[in-house]
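Asker: Pasting in a structure now, in structure tokens, and then I'll have a few things to ask.
Nothing in this text is a laboratory measurement; each read-out follows from the coordinates by a stated rule. In this text the structure is predicted, and so the values were computed from the model without any measurement. Reconstructed Cβ throughout: ideal geometry from the backbone, glycine too, with neighbour counts over all protein chains shown.
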Amino acid sequence: MSYPVYQPAEDSYFLAEVIKEFLGSKTKKELEKIKTLDMGTGSGIQLINCLKAGILKNNILAIDINKEAIKHFKNLKIKTIKSNLFSKIPKNKKLKFDLIIFNPPYLPENKYDKLPDTTGGKKGDETIIRFIKQLNGYLTKNGVCFLLISSLTPESEWLAEAKKQKLNVNKIKTKSLFQEKLYIWEIKNKI
Ligand SMILES: C[S@@+](CC[C@H](N)C(=O)[O-])C[C@H]1O[C@@H](n2cnc3c(N)ncnc32)[C@H](O)[C@@H]1O
């Protein structure tokens, strides 16, 4: 799939702010151990933020379904996979992450916009539900995922799926925009 790379917007900056705060509470030694997955990396704003905070390049994996997003990381020498969510992560490697960041496509499709940079299926929650179904298999025991969702995204189905997957979910921050609210959810495995 190939379409223009999503340029950082309000949602990207809001999520980046939360990640910065989270990583800001860690020591240098802790930061150097954090294995990070930047799902739907787009321009790479989230992973660049992680690098600035002290996460090591070798500990970052970036995934995007968009060929164009993957191209521009070649020079940065970041490990990248062009993949539909987790589908191309080699199964035999049993990769797990301490930090998973996802600013997903979360809007319902409309006749003008159907691209997966912003639209997450007919209702808007389809990509998120697929992500939640697989998430716990990729989180370390104490791992955490920060997921951004909008008030325009249906909430009940993905929350039910998270419960089914025995995930702990907490809405930790809200940002009000003109016509919608953005939420950051912190998601962990139940211990
Ligand atoms: C809203 S943009 C966020 C981009 C960037 N992370 C940010 O915060 O600005 C959503 C990104 O997810 C990617 N994406 C959409 N569906 C995906 C899927 N099924 N698997 C992997 N990436 C996907 C899009 O190509 C896009 O780059």
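Asker: At a 10 Å Cβ-Cβ cut-off, how would you order Glu155, Glu109, fewest neighbours first? Intermediate values should be presented prior to the final figure.
Answerer: On the way: Glu155 15, Glu109 18.
Ascending number of Cβ neighbours within 10 Å: Glu155, Glu109.
Asker: In the neighborhood of Ile191, defined by Cβ-to-Cβ distances under 12 Å, what is the net charge if each Lys or Arg adds +1 and each Asp or Glu adds -1?
Answerer: Values: positive: Lys141, Lys166, Lys188, Lys190; negative: none.
Around Ile191, the charge tally is +4.
Asker: Quick one: compute the contact order of the stretch 119-191, relative version, from alpha carbon pairs under 8 angstrom and 6+ residues apart, as a percent. It would help to have the intermediate numbers written out before the result.
Answerer: Numbers: 110 pairs, mean separation 27.1, N = 73.
Normalised by residue count, the contact order of the stretch 119-191 is 37 percent.
Asker: Additional query: Out of all DSSP beta bridges with both ends in the chain, state the antiparallel percent to the nearest 5.
Answerer: Working: 16 of 34 bridges.
Close to 45 percent.
Asker: Right, next: In percent, what relative contact order does the chain have, based on Cα pairs under 8 Å that are 6 or more apart in sequence?
Answerer: Details: 377 pairs, mean separation 33.9, N = 191.
Normalised by residue count, the contact order of the chain is 18 percent.
Asker: Still on this structure, I have one more. Could you pull out the pairs from Lys91/Lys175; Lys82/Lys141; Lys20/Lys190 whose alpha carbons sit more than 30 Å apart here? Provide the component values of the computation, followed by the final result.
Answerer: Values: Lys91/Lys175 37 Å; Lys82/Lys141 26 Å; Lys20/Lys190 24 Å.
Violating the 30 Å Cα-Cα cut-off are Lys91/Lys175.
Asker: While we're looking at this one, here's another question. Find out how many positive minus negative residues lie around Glu109, taking Lys and Arg as positive, Asp and Glu as negative, among other residues whose Cβ is under 14 Å from that of Glu109.
Answerer: Summing Lys/Arg as +1 and Asp/Glu as -1 gives 0.
Asker: Once you've got the Cα coordinates, tell me which of Lys57/Lys96; Lys122/Lys173; Lys96/Lys166; Lys123/Lys171; Lys77/Lys171 are over 23 Å apart.
Answerer: Lys122/Lys173; Lys77/Lys171
Asker: Please give the peptides 118-124, 25-31, 165-171 ranked by average Cβ packing (other Cβ atoms within 10 Å per residue), highest first, as a rough proxy for protection. All intermediate terms of the calculation are to be shown ahead of the outcome.
Answerer: Working: 118-124: 17.4, 25-31: 10.7, 165-171: 13.6.
Final packing ranking: 118-124, 165-171, 25-31.
Asker: Further, regarding this structure: Mind jotting down a quarter of the surface of the convex hull over the alpha carbons of the chain, in square nanometres, one decimal? Kindly include the intermediate steps, with their values, before the conclusion.
Answerer: Working: hull surface 42.3 nm².
Taking a quarter of the hull surface, the average projection is 10.6 nm².
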